[in-house]
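In what follows, a structure is listed as C-alpha cells, so that the remarks can point back to it.
The values are calculated or read from the model by the stated rules, or taken from the named source; none is laboratory data. If you're wondering where the values come from, they're calculated on a predicted model, not measured in any experiment. Virtual Cβ from ideal backbone geometry, glycine too; neighbours counted across all protein chains shown.
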C-alpha cells in the first residue's frame, strides 16, 4: 500500500515548545500510529542539548525529522525558518514526493514564501490557533499603564512590525485554501475563507490521570505545602491577564491562605515586582517547566487559573481538566467551548479582579464543589478532547484533500 507522505511544518517543537509545539507533538504522536501515513516533520533544532535520536525514540522512530535552522526564543527565528524552508523544500519534495503540506500554525506562516511563489505542487492545509489581530488585542489600557508593563520584547516587536506581518498574513490566507480551526471562535476570525474545518485541540488525556503519574523529586516545597496550591501555567505575558490575577491574589490573601504557583517563561523579575506586597511564602515563580513534568505539577495542585484576555482553545485548560482540577478561566475566545460554566469549571469576565478573587475563594472554601468540578472536567476532557480523536479527524481530512 502506497503511504500518504505528509510534510508537517512545525516552527515550534520539543524540547522547547509553546502551544503550537504541544499541538504538533500531540498530533504527530497519534498520526504516527497510522501505518498508511508517513510523517516528515520539518522543524528547527531547539535548545543547546538537542538530541534528534531521543526525540525520534518518543515516536518509536516512525517519523522522519528534518532540521533546517537553529531556533531561539526571539522575534526573528521564525523568519530564518521561513527562508530556510523556501530554499530547501524543493530538494526535500523531490526526494520524498510529499502528498500534503500541513503547516502547524497560521501566525508562524512557515511556508509563506513557498505560497507567494507557488512552489507547493500538492494540497496544503494550515491549522489556525490564533490570528495576528487576536494576539495583538489591546485591552485594559489603564491596567497596562498602572502596572508599568508594556509587554515582553516579542509582544513589543510584534506591535512595531504589525503592518508588515498583517500584510503577509493577508497574503497567506489568500494563497491557502484549506484551514483547520481549533475552535468555532477561530472560524469567525477568518470570515473571508471557505474551507474551514473545526478540529479541536487534543491532548493525551491519560498522561494526566493520577494513576499514570510517577512521583518526582521536583517541586518538593510545593508538594509539601500545607495550604492549597493554585497553579497558573503559561508564558508570563500581559495578554495572559497576569496583572488582573496578581491583584486578585492580593485580595484572596487578605482572608485566605494559599500558595500561588506560576509555571512559565518570561520576565520573572518584572512580575515579582508587582508581588512586593505579598509574602514570599504565598507565591513562587518556577520559570519554564519541562512539559514532561507538567502532569506531576498538576497532580500536586488544587486548582488551576487562566485569567487571559484572549485565548483560542488553550491546551493548559485541557490538561488541567484531564488532571481532575477545578479550573477558573476567563470567558473569552474558545474557552466557553471547553468549559460549561459552573459544571466543568468556572468562567470569569476578563480583567474583573473582584470576580476572579471571589471564584478562587469559593474553590478554597467549598472542597466538595471543587471536587465535583474536577471530576466532571476530567470526564469531559477524556470524551471530547483526546488527541486520538483530533488525529482521527485530521487523517480523514488528509484523505479528503487527496481525493480533491
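Structure summary
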quantity	calculated
Qualifying positions in segment 357-368 - surrounded by fewer than 19 Cβ atoms within 10 Å (Cβ to Cβ) and either touching a residue at least 40 places away in the same chain (Cβ under 8 Å) or over 17 Å from residue 329 (Cα atoms) (or both)	361, 365, 366, 367, 368
Positions within segment 54-95 being touching a helix residue (DSSP H, G or I) at 6+ places or on another chain (Cβ under 9 Å), part of a loop (DSSP other than H, G, I, E, B) and closer than 19 Å to residue 12 by Cβ, in sequence order	59, 73, 74, 75, 76
Lone unmet requirement of (1) in the same structural domain as residue 230 (by TED's automatic domain parsing); (2) in contact with a helix residue (DSSP H, G or I) (Cβ under 8 Å, 6 or more places away or on another chain); (3) part of a helix (DSSP H, G or I); (4) surrounded by 21 or more Cβ atoms within 10 Å (Cβ to Cβ) for residue 391	(1)
Cross-chain or 6+ apart pairs with Cβ under 6 Å, segment 28-44 first and over 17 Å from residue 105 (Cβ atoms) and not assigned by TED's automatic domain parsing to the domain that holds residue 109, then part of a helix (DSSP H, G or I) and at pLDDT 95 or above	none
Candidates 71, 104 - the one that is more than 27 Å from residue 34 (Cα to Cα), touching a strand residue (DSSP E or B) at 6+ places or on another chain (Cβ under 9 Å) and surrounded by 16 or more Cβ atoms within 10 Å (Cβ to Cβ)	71
Residue ID - modelled with the highest pLDDT, chosen from residues in segment 163-211 that are surrounded by fewer than 16 Cβ atoms within 10 Å (Cβ to Cβ) and closer than 21 Å to residue 332 by Cβ	184
Of the criteria (1) farther than 21 Å from residue 164 by Cβ; (2) touching a residue at least 40 places away in the same chain (Cβ under 8 Å); (3) surrounded by 15 or more Cβ atoms within 10 Å (Cβ to Cβ), which one residue 97 fails	(3)
Candidate set from segment 309-330 (those that are farther than 15 Å from residue 186 by Cβ and surrounded by fewer than 24 Cβ atoms within 10 Å (Cβ to Cβ)); member that is farthest from the chain's Cα centre (by Cα)	324
Odd one out for residue 84 among (1) surrounded by fewer than 16 Cβ atoms within 10 Å (Cβ to Cβ); (2) in contact with a strand residue (DSSP E or B) (Cβ under 6 Å, 6 or more places away or on another chain)	(1)
Flag for residue 13 being under 28 Å from residue 313 (Cα atoms) and touching a strand residue (DSSP E or B) at 6+ places or on another chain (Cβ under 7 Å)	yes
Test: residue in segment 372-380 that is farther than 22 Å from residue 30 by Cβ, outside the structural domain of residue 132 (by TED's automatic domain parsing) and outside any helix (DSSP H, G or I)	no
Meets criteria (loosely packed, with under 14 Cβ neighbours inside 10 Å and within 30 Å of residue 296 (Cα to Cα)) for residue 216	no
Any hit, segment 331-340, residues being without any contact (Cβ under 8 Å) to a residue 40 or more places away in the chain, over 20 Å from residue 243 (Cβ atoms) and assigned to a loop (DSSP other than H, G, I, E, B)	yes
Any hit, segment 311-318, residues being farther than 18 Å from residue 237 by Cα and either in contact (Cβ under 8 Å) with a residue 24 or more places away in the chain or assigned by TED's automatic domain parsing to the domain that holds residue 379 (or both)	yes
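This table checks each residue for (1) surrounded by 14 or more Cβ atoms within 10 Å (Cβ to Cβ); (2) within 22 Å of residue 117 (Cα to Cα).
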residue	(1), (2)
10	yes, yes
14	yes, no
19	yes, no
28	yes, no
36	no, no
